[in-house]
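Report on one structure; see the data block that follows.
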Amino acid sequence: MRVDADMIEDLRSAGLVGEGDVAFEPLTGGVSCDVWKVETPGGPIVVKRPLEQLRVAAEWHAPVERGTSEVRWLKRARGVDPRIAPEVLAELPTGHAFAMRFLPGCPVWKDELMAGHVDGAFAAQVGTGIAAVHAATAHNDGDRSDFPNDEMFRALRVDPFLLHVAAHDVELAPALTALAGDLASRKIALVHGDVSPKNILVGPDGPVFLDAECAVYGDPAFDLAFCTTHLLLKAVWSGDARLNEAAAALVGAYRAGIDWEIADDVLRRAGALTAALLIARVEGKSPAPYLTDHEHKRIVRDQARALLLGPAPLDALVAHWKRTLA
Ligand SMILES: Nc1ncnc2c1ncn2[C@@H]1O[C@H](COP(=O)(O)OP(=O)(O)OP(=O)(O)O)[C@@H](O)[C@H]1O
Ligand SMILES: [Mg+2]
């Protein structure tokens, strides 16, 4: 993770650091960006710069302009509710990098879940937070023209998660291809695009959403499906029924926030997308790193295949999701 002179110069020009030495501490986790914590006279900040090639096993390129989409999403979300996204401090001229405020003492939600700290009320707040951004941006021409990122969303989401599996699985291909087409055609609200527990901090006032590089004006059902998928995978991994309950709490709270269309329509689309994303996480280009056990994969795959061929609305899918095949 190289820090070049441009980066330090850009931070100086933005007035964030002084003339002396600047210490960059890499923050762990990133597959798509360099992310550093930097101490400044104004307090700790995070500097994030997108990579041209993601650090995943399969070769995977993505345009670096996604740094700009992320900044736009963070600012827009803070306009909806300042508690749900970190404050952007500067957009830096080199490499689509930006600086935001570091939030001290906020664990990553994924780490909490993997440690067995499962809080259904927090999951509900996640659902409320995502729905708030969707509701505020639904059918809004300004947001639609601010996030014209269909190509990026296709490269980072539709191709690797839906069409990659379709290309390798004749039986599932028609359903996945139809789903990909439907997803691309819907322009309803501002989608974050990466609502995963690893991109959510547990803040003092509820969830804080990070990592909006895939933000696009599209189908809000995608965000709901993406996050629910992670909880269902973790339920199989841990065998912990509280993760099913957390998924139900998330879906229920999200549903209560749907005011832009008929709620059942969103849950129906989210159910089909969740089935597809579950398969993608065991067979796709970006497998869930913790789901290595053969039996766990089979539990996910068997249920997800059946659900893709015979879709269920997301609330029903979650209610019937099995952690074992006993
Ligand atoms: N504003 C912030 N305050 C505190 N911690 C942060 C902040 N921004 C990022 N982090 C930490 O850095 C990690 C990586 O940040 P982020 O998810 O934005 O980068 P990324 O490279 O896109 O990650 P990935 O590709 O793994 O999702 C986060 O999981 C979090 O632990
Ligand atoms: Mg991340």
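None of the figures in this text is laboratory data; all of them are computed from the coordinates on show. Owing to the predicted nature of the structure, the values given are computational and were not obtained by experimental measurement. Backbone-built Cβ (ideal geometry, glycine too); neighbour counts: all protein chains shown.
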The alpha-carbon pair-distance distribution computed for the chain, with 20 angstrom bins and whole-percent values, is 33, 58, 9, 0
Of the listed peptides 213-223, 4-14, what is their order by residue-averaged count of other C-beta atoms within 10 Å, with the highest listed first?
-> 213-223, 4-14
Sort the following peptides by mean Cβ neighbour count (other Cβ atoms within 10 Å, averaged over residues), highest first: 285-291, 168-174.
-> 285-291, 168-174
Relative contact order of the chain (C-alpha contacts under 8 Å, at least 6 apart) in percent is 17 percent
Treating the angle as unsigned and between 0 and 90°, give the value, to the nearest 10°, between the Cα long axis of helix 120-137 and the longest Cα principal axis of the chain.
-> 80 degrees
Can you give the convex hull volume per residue for the Cα atoms of the stretch 179-326, as a whole number of Å³?
-> 116 Å³
Peptides 150-157, 124-131: what's the order by average Cβ count within 10 Å, highest mean first?
-> 124-131, 150-157
Which of the lysines could be linked to residue 297 by a straight reach, that is with a Cα gap under 29 Å, when you skip same-chain ones fewer than 8 residues away?
-> 110, 198, 234, 285, 322
Over all directions, average the projected area of the Cα convex hull of the stretch 81-208 and note it in nm².
-> 10.5 nm²
